[in-house]
Structures are given as structure tokens and as C-alpha cells.
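**Student:** Can you keep this structure in mind? I'll have questions shortly.
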Amino acid sequence: MEYNTLGAVDLGSNSFHLAVGRVVDDQIYPLDSLKETVRLGSGLTPDRQLDSLAQDRALAALKRFAERLAGMPREAVRVVGTNALRVAKNAGPFIRRAESILGFPIEIIPGREEARLIYLGVVHSLPLSNANRMVVDIGGGSTEFIIGNKMKTKAMESLYMGCVSYTSRYFPDGRIDKKAFKQAELAARGQVQTIATRFEKEGWKEAVGSSGTARSIAEILLRNGQAERGITAPGLAWLREELIGVGDVRKLSIAGLREDRIPVVAGGVAIMSGIFSELALNRMTVAEGALRDGVLWDLLGRVHHRDIRDVTVDQFVKRYHVDQAQAQRVGQLAETLLRGIEGKKDDLAAVATFLHWAARLHEIGMSIAQGAYHKHSAYILANADMPGFSRQEQGYLSNLVLAQRGKLEKMGAAFGNDERLAALAFCLRLAVIFYRSRRTLRLPKLRVSRSGKAFKLEVESRWLSDHGLVALALEAEREQWDSVGFTFEVVET
């Protein structure tokens, strides 16, 4: 389906943002937006647990977001979590509570996927340029750097530094002094130094800042006559001295500094100063587009059948030299079997795309070694940078590929949590078994069915007698499914 209204929610380490857009042809026009200053990142304890106060603030904000998103189709809304939820050890229980309140699934996206989406949001808010741009997005817990040209990214990185984390680390209790500022700047420079050579090699003509820290600094410099547009090195130096001169965030009264930015302004300015120094920047323009806008544009591609995840899968097929004829054979049979067991209440159609992707990628591990290739394939899918895929999606795809062959005991917990995954794995395993010869076969008439945790396959007896390896493998499948609490029956006709 195609949708005329899309929604995006960005669960940032400092603020939560909601954006709703109206789709007209291939354009998105803003309809509504909400912002809640949650400071989820400030609720991370030293042992990386989200404290109860931060969770309560977040859930209260999501309750208000849920009111605005009520009635929107599940496929038309995407919710992404960033650094605070990436690092929190108790993110799982919190996310389950958050999803029940919000009414939509929450994806935790990797840093480089966050960078890709930020660039997508920024580039749609700026005039097209033939020159390289470097986009810098200082968030609450991480800072993303992207070099791109027009719509294409050329280098992306996410560094573990943000305005919330740096403020709490270097400016505790709101105190600001010269020594602490220097330490924060040097720490930021040290982080940027790890990517500087690669980014300078790509080169850029224009530096662009996005999100709250960059916009806040630009507004302060404008209101105080320190820069006519964007952020400048002299203006940044002036702001640094102003903050040190006041010495305490509770005494800050600078024109253009919004009240909600006061608690984190010192960390944000220190990081920006470190970036300017390490990359020898003189000026940075500021864009309106940000992560939430990129999520909307990416979602537009998904619902209008231009999904970046398909592009990523295509690239992996080429990179790992997949035998595409074999992948197609396995994929066609697996998808045929899925249609046979799909029930009205199963919602298997919602995850059918993962079976398609898994069939195309199930042999990428052969580029490492043929032995236990399914384990190598699963490892790659779980750990590689896969633009468009969230961490949960990569994990789901990895589990499905891991389950394609071998013992199923390893999948007990995964199948117990999601019977749909077991159904997809059943289809993929049978397709791999039938096409073990890696050649096109004249398959018999196959009929599959499912009732709860019981799978059944009906196959011609004569065909099985002529294909002993397949018959032997199907016999072994019974024991494997028994090991995870399912049953598998082969009926010869």
C-alpha cells in the first residue's frame, strides 16, 4: 500500500521528536511536529542503566506522542532510538513498556545508520550542490559525521560524544571553568582525530550542522551580532569565553539561548569547538533537516517500493559473490512454501520480505568458508553495516539465516519468542534441502500445512524414492523440530 500521511519519531538522547508529513507525489510536506526535552542520556547510571526518573520522563512524552499518532497505520510510522538506547543495558524492558504506550514498534539503529538517515534529512532541506558536503550532527549521546555528494553518502561515522554526556562528565552541577572546558575540547578533538584523515581525504566544500546544538549555537551568535549566518570560528570562540566568564549554567542569560538548551549548552559548545579546531573549520552553515526528516524520507521509499534495504541486499549479493541462480531457486521454493502455511491470523505477510532477503543472502558466508557457512553468513548479517536495517532487523535476518541448516537447538529461545520466525525458518530449511544438488529439479507437487507448532509436508512417494538424499534429510528434520518444541511430519502420497 501507499500512504498519504507518514509519521517519524526520533528517540534521541536529549530530546524526543515527532514529525508528521503529508505525501504528495514524491514530496513530503510537514503537517505537524512535537518536541519533548527528555534527556534520556542524563538518566544513564555509571553501570549503563536507565534510571527510573529518565524512564518516567520518556514514557510520559511517548504517551503524548501516542495521542497524535493514534489511528495511523503501523506501516506508515517509524520509530527509531539512538545512542542512549544503544548503550543502556536495560533498554529491552524499557522498550517493551514504551511500545505498549506508543502503539508502534521501536527500532534501535546503529550509529552509521543514524548518520545515513541524518544525511538524508539534511540533503532534502538544502539546495542540491555538485560539491561534497560534510554534515555534523551533535546529539545528546553521539555525534555523527557524514560526507556526501548530492543524495549519495561517501563517508559516515558516529562518535561516542554528545552534549548530554559531555556536560555531565566535564561540567557536573552546572559549573563551567577554563580547565574543564579545555579538557572537554581535547577529548572531542581526540575523538575527531580518529576520522580526520579519512574525511580530509574525501574532502568537502561546505560544512553543515544539523539538530539542536548547531541550531542553538547559530541562533546565539546571530542574536548577539557575532555571526550573520551559521557558525563561525570567531563566534564560537566568543561564546566559549562567555560561558567560562559566567561560570555557572544557572546564571546564564545570553540572548538566543533557549531555556531547554541551558543545561547542555556547555557540552555542546565544547564539542563544536573541538570539531572546529581539529578539522580547521572557519564556518559552518546550519540546516533545518535532521534525523526525523531522514526517517520520513526513508519511510517514503519503503512504502512507495523504493526501499534502501533492497539496495543493501543487492550490494551484499555482489560483494560476497553469491550464486544468484541457487539463491533464486531456494527463494522461489521458500516463498511458495510460505504461501502454503500462511494463515489468516498469523501476519506472516508482514515478515515475508525477510524470507526473500534471507534466501538471497543465505550463502554469503561461503566467501569465508564452505564449512558451517550458515554460521559465517549469520555473523556477517548480525555485525556488518547494513544501510536501512535497524539492529533488530539485522538480528532477525541473522537468526533466520542461522536456522537454514544444522541443529535447531540453538534456535529454541528465538522460536519461543516468535513463532513467525520458526515458520520462515521451516520454509527456508525445506528449500535448502530440496535444492542441495544446486541444480534445477523437476519438483513433485508439494503441499505444506501448519497447525500451531505442528508442520506437515505431503510429497510424492515415487519422487522421494528417486531422491534418497532429500528423503534422508527430511527424515532427520523430525528430530530437529522436536528439539525446539515443534513437530514435523512427512506424509508420502
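The values are calculated or read from the model by the stated rules, or taken from the named source; none is laboratory data. All values reported here derive from a predicted model rather than from experimental measurement. Cβ placement follows ideal geometry from the backbone for every residue including glycine, while neighbour counts extend to all protein chains displayed. Side chains included, ligands, DNA and RNA excluded: accessible areas come from the protein's heavy atoms. Shrake-Rupley method; radii C 1.70, N 1.55, O 1.52, S 1.80 Å.
**Student:** Would you check if Glu114 is among the acidic types (Asp, Glu), within 16 Å of His17 (Cα to Cα) and either touching a helix residue (DSSP H, G or I) at 6+ places or on another chain (Cβ under 9 Å) or at pLDDT below 95 (or both)? Write out each step before concluding.
**Tutor:** Details: among the acidic types (Asp, Glu): yes; within 16 Å of His17 (Cα to Cα): yes; either touching a helix residue (DSSP H, G or I) at 6+ places or on another chain (Cβ under 9 Å) or at pLDDT below 95 (or both): yes.
Yes: the conditions hold for Glu114.
**Student:** Oh, and also: Within the bounds of the range 181-192, is there any residue that is open to solvent by less than 90 Å² (accessible area, probe 1.4 Å), closer than 30 Å to His124 by Cβ and not aliphatic (A, V, I, L, M)?
**Tutor:** Within the range 181-192, one or more residues are open to solvent by less than 90 Å² (accessible area, probe 1.4 Å), closer than 30 Å to His124 by Cβ and not aliphatic (A, V, I, L, M).
**Student:** Among the numbered criteria (1) under 30 Å from Gly190 (Cα atoms); (2) open to solvent by 30 Å² or more (accessible area, probe 1.4 Å), which single criterion is violated by Gln315?
**Tutor:** (1)
**Student:** Looking at Glu114, Glu144, Glu99, Glu157 in this structure, which one is in contact with a Leu (Cβ under 7 Å, 6 or more places away or on another chain) and either free of Cβ contacts under 8 Å to residues at least 60 places away in the same chain or buried (at least 23 other Cβ atoms within 10 Å of the Cβ) (or both)?
**Tutor:** Glu114
**Student:** Only one of Asn83, Asn90, Asn132 is in contact (Cβ under 8 Å) with a residue 12 or more places away in the chain, out of contact with any Leu (no Cβ under 6 Å at 6 or more places or on another chain), open to solvent by 10 Å² or more (accessible area, probe 1.4 Å) and more than 28 Å from Thr5 (Cα to Cα). Can you tell me which?
**Tutor:** Matching residue, one of Asn83, Asn90, Asn132: Asn132.
**Student:** Do we have any residue at all in the range 380-394 that's open to solvent by 50 Å² or more (accessible area, probe 1.4 Å), within 21 Å of Ile108 (Cα to Cα) and of a type in the set (Asp, Glu)?
**Tutor:** Scanning the range 380-394, I find at least one residue that is open to solvent by 50 Å² or more (accessible area, probe 1.4 Å), within 21 Å of Ile108 (Cα to Cα) and of a type in the set (Asp, Glu), so the answer is yes.
**Student:** Counting just the residues of the range 403-420 that are aliphatic (A, V, I, L, M), more than 21 Å from the chain's Cα centre (by Cα) and open to solvent by less than 60 Å² (accessible area, probe 1.4 Å), which one comes out nearest to Asp482 (Cα to Cα)?
**Tutor:** Leu408
**Student:** Scan the range 160-173 residue by residue and report those that are open to solvent by less than 10 Å² (accessible area, probe 1.4 Å) and over 15 Å from Ala115 (Cβ atoms). Quick ask: steps written out before the conclusion?
**Tutor:** Of the range 160-173, the ones open to solvent by less than 10 Å² (accessible area, probe 1.4 Å) are 161-164, 166, 171.
Once the filter is applied, which keeps residues that are open to solvent by less than 10 Å² (accessible area, probe 1.4 Å) and over 15 Å from Ala115 (Cβ atoms), the range 160-173 yields Cys163, Val164, Tyr166, Phe171.
**Student:** To continue, here is another question. If you check Arg429 against the conditions, is it surrounded by fewer than 16 Cβ atoms within 10 Å (Cβ to Cβ), of a type in the set (D, E, K, R) and either out of contact with any helix residue (DSSP H, G or I) (no Cβ under 9 Å at 6 or more places or on another chain) or without any contact (Cβ under 8 Å) to a residue 60 or more places away in the chain (or both)?
**Tutor:** In short, no.
**Student:** If a residue counts only when it is within 21 Å of Ile275 (Cα to Cα), which helices (runs of 4 or more DSSP H) contained entirely in the range 90-185 have at least 1 such residues?
**Tutor:** Here the list reads 111-123, 163-170.
**Student:** Give the residue that is least open to solvent (accessible area, probe 1.4 Å), with candidates limited to residues of the range 443-478 that are part of a loop (DSSP other than H, G, I, E, B) and basic (Lys, Arg).
**Tutor:** Of the residues in the range 443-478, the ones part of a loop (DSSP other than H, G, I, E, B) are 443-446, 452-453, 460, 467.
Checking which are basic (Lys, Arg) leaves us with 445, 453.
Values: Lys445: 164, Lys453: 88 Å².
Residue satisfying both the conditions and the ranking: Lys453.
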